[in-house]
Amino acid sequence: MSRFFAVALGILTAIGGFVDIGDLVTNAQVGARFGLSLAWATLVGVVGICVFAEMSGRVAAVSGRATFDLVRERLGPRVGFLNLVASMSITFLTFVAEIGGVALSLQLVVSVHELLLVPWVGVAVWLILWKAKFSIMENVLGLFGLALVVFGVALWQLGPDWGGLLQQAATASKPADEHGSTYAYYAVALFGAAMTPYEVFFFSSGGVEEGWSTQDILVMRANVLIGFPLGGLLSVAIAGCAWLVLGPLNISVDSLGQVGLPVAAALGKVGLSVALLGFVSATLGAACETGLSVGYSITQYFGAQWGKYVRPREAAVFHAILLLASLGAVATLMTMVDPIVVTEMSVVFSAVALPLTYFPILVVSNDPDYMGDQVNGHLANALGSLFLVLVCVAAVAAIPLMIYTRMGQ
Amino acid sequence: MSDADLDDRLAGPLDGALNLLDRQILDCEGRMLGKVDDLELTQQEDGLAVTAVLTGPAALLPRLGGDLGDRLVTTWSRLKVPEPNRLRPWRIDMDRVDRLDSALHLSVRREGVLTRDTEGYRFGTLTGMEASGPDDGHLGRVVDARFEPGLHGRLVVRHLLIGHGRPGSLLGYDRHDQQGPWLVRATVGRLHRSTGIVDIEAARILWNRREVRLTTPPRARPGAALGD
Amino acid sequence: MTESESGSESDPGHRMRGLAVVAAAAVLAAVLSLAAVYVVSPGGAPQSPDHEAWLDQAHTALDEVSSDVATAQLLLRLTAQDKVPGPYQQVVALDSENAAGTVASHLSGEQPEPADQKTYTQVTTVLSDAGDLLSSVRISVVRRDVGRYPALAHALAKMQHKISWAEGKVPS
């Protein structure tokens, strides 16, 4: 019975932890302008993250080693170093966006200027990363993130033409007043928002933190293959709500407050308060994950002791990096840069960084030296290779599309 | 963790760059202390033997290779000019190594385990060396070396892998014939179709000139070192 | 993966390669920062746009301010139905006002060609009026001056008409 609860907890945490500030903003933006005609991009992204998260979780469970640890072994120190610099920069950019997201969410609750909140959020994140137990951090923030289910409820309450919505999603019918290039740009952005590069590094490191072994593979697969798709459904619900309420008014989303208005329209103050709880939890959870990922990638490259599963004094370099990263993120946000703009950029650059992170995982999860008989089967390899091609295409297309469409205008 | 299923690799033949370099080092209590940034090779009676594991920036930076590596090494040496032997890497003698599976395990605790009193040849220098044949023709580079246990239990170089491409870029796809996914295996196979293997007796290593002179050309593609 | 090591190259060759790398990095950095400026700044290129570019910017600016006005309309409607908590209302009202203000000031900072002068005046006037109206909305929302909401809603609807009118004046 307790095993059932453990599995259920894992799945619920995975659902609640799936959405971050990138998903919130991008799905709302896309929903308001394109409705569900880009839902296929989210779907493809969700399948992709499932495939690679399962691989990286399996690597951690079988070999007891986290993925970035193995990136240097497989690719060598030079390519591994370039990989480190690139993926760490993107992860840090995402970290800045997430902390900004927490500040924006709290601003909506207490109506204090975002800049006044940023330092406190930075301190809170650093304290959680330093002191809180890993599993408690994951479970608490993941479960509270489930509050975002209110978007699904709101979508239901708005009483849409379900047939029309499904048709829009299935036929990917771009609205007539939007350009094809903007459509393509947002497809790439949604892809990058769903397939966040840090997720696989975090997931495998988290597996080592929690001491996974081969017995945990089944539970891990349940979390990934049930939790992530349901989390992806939340993303689509956010887009649907934006389409139904913001779309007819020609409102384009450029602030977090606009993302929640459809929930207010459908469910009033109570619904909106639940949504705010979801915003804060999801962004705070993602801030912790990205902060840890910055620490994981640097320490795992150099082989230094990492992890929250040891006492901070045993992993001094790791915690020093976390502190510096938190300070750096707060400093970046105090330059008054708009966190929404940072989010938009992090999502696009995530798409660019995807091949760097996914290629090593595909190689490592096929290596019998690490995996024994748990190497990739034919399905995992087929999907993995397909997505490798897809992420390369998205990576190459991302920056030209960003420049050509001026970030989707 | 399934480490217990994997045998101690130090007892058998293995490939240096593939199986030993860049491995995580764990002490006897499972705590991390760095990576195998390089290997110290010493000429002994039975051949070129691995005498220590090298770790730290002085060992890692030269392996980054090319202009970047050279510049970083220079910067590193200038960061603390008063320090003697700044470019000498930290070493862990092979006596303190217990076993090798997916990581390198030491038999001692990590506190104070690093020493820096001697310096020898480095494996990282050997890989990447230009290899020329009997007629001075350019045959490629040393991509890896195959080690086997020698007279005193130490790993000794028995073969050199020569090919076109950087060390480690075979990604292990020459080890197992059926290693997937097909797309990656096919690409690596094409890039490395001319990789060959040569006995160490047929090679003359010129450390100062960073060159290897072969008396016989390399023979066909190498098979698996870990004989699965 | 098949780059060659430079270990035994002669020194001048070494230095040339190094210079080339630094030059390439500098060019790349310059291109990226120009691209970032172009991408991130609303309306795109700085200062003295040509006819086409200015029309483009004007259209974008009107679209964005129209979105801000529509957000304020939605906010007032939901507030009248008591569906939005106080702090949330304030933040949304303030965000719309700030966004519209930024767009308006950016566009009026541009230097249009003489032929576009008339359109420039019309558009910037409308944008400025919209900004003022959104300020009034924000002030009323912060004061919870519920009595003024119907009048403001009416004024916002009229402002949308004005913006559409201005859109029509800008040839596309």
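Every number in this text was worked out from the coordinates using simple rules, so none of it is lab data. Remember, it's a predicted structure, so these values are computed and weren't measured experimentally. Don't worry about glycine lacking a Cβ; one is built from the backbone with ideal geometry, like all the others, and counts go over all protein chains shown.
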Length-normalised contact order of chain A, Cα under 8 Å, at least 6 apart, in percent, tallies to 38
Once both label points are put 7 Å beyond Cα along the C-beta direction, the A:Ala320-A:Val123 separation in nm becomes 2.4
Any aspartates and glutamates whose Cα falls less than 15 Å from that of C:Lys162, other than same-chain ones fewer than 8 residues away, would be C:Asp63, C:Glu64, C:Asp68, C:Asp129, C:Asp132
Here the whole-number average of other chain Cβ atoms within 10 Å per Cβ of A:67-73 is 5
Given backbone amide H placed at 1.01 Å from N, residues whose amide H is under 5 Å from that of A:Glu210, ignoring those fewer than 5 places away on the same chain, are none
Note to self, chain B gives a 222 nm [θ] from helices alone (DSSP H runs n ≥ 4, -39500 (n - 2.57) apiece, / all residues, nearest 500) of -4000 deg cm²/dmol
Measuring from the longest principal axis of the C-alpha atoms of chain A, the long axis of helix A:162-171 (C-alpha) lies at a number of degrees, nearest 10, equal to 60
Expected sort for A:216-226, A:163-173, A:331-341 on mean C-beta neighbours within 10 Å, highest first, is A:216-226, A:331-341, A:163-173
Using eta = 1.306 mPa s and T = 10 °C, Stokes-Einstein with Kirkwood Rh from Cα pairs puts D for the stretch C:51-169, in µm² s⁻¹, at 109
Excluding residues fewer than 8 positions from A:Lys131 in its own chain, the lysines with Cα under 25 Å of it are A:Lys308
Mean separation of Cα contacts under 8 Å (at least 6 apart) over the residue count of chain B, i.e. the relative contact order in percent, is 20
Pairs over 26 Å Cα to Cα, from A:Lys174/C:Lys158; A:Lys174/C:Lys83; C:Lys83/C:Lys158; B:Lys35/B:Lys80, come to A:Lys174/C:Lys158; A:Lys174/C:Lys83
Across C:63-73, the residue-averaged tally of Cβ atoms belonging to other chains within 10 Å stands at 4
Volume per residue (Å³) of the convex hull spanned by the alpha carbons of the stretch A:2-404 is 134
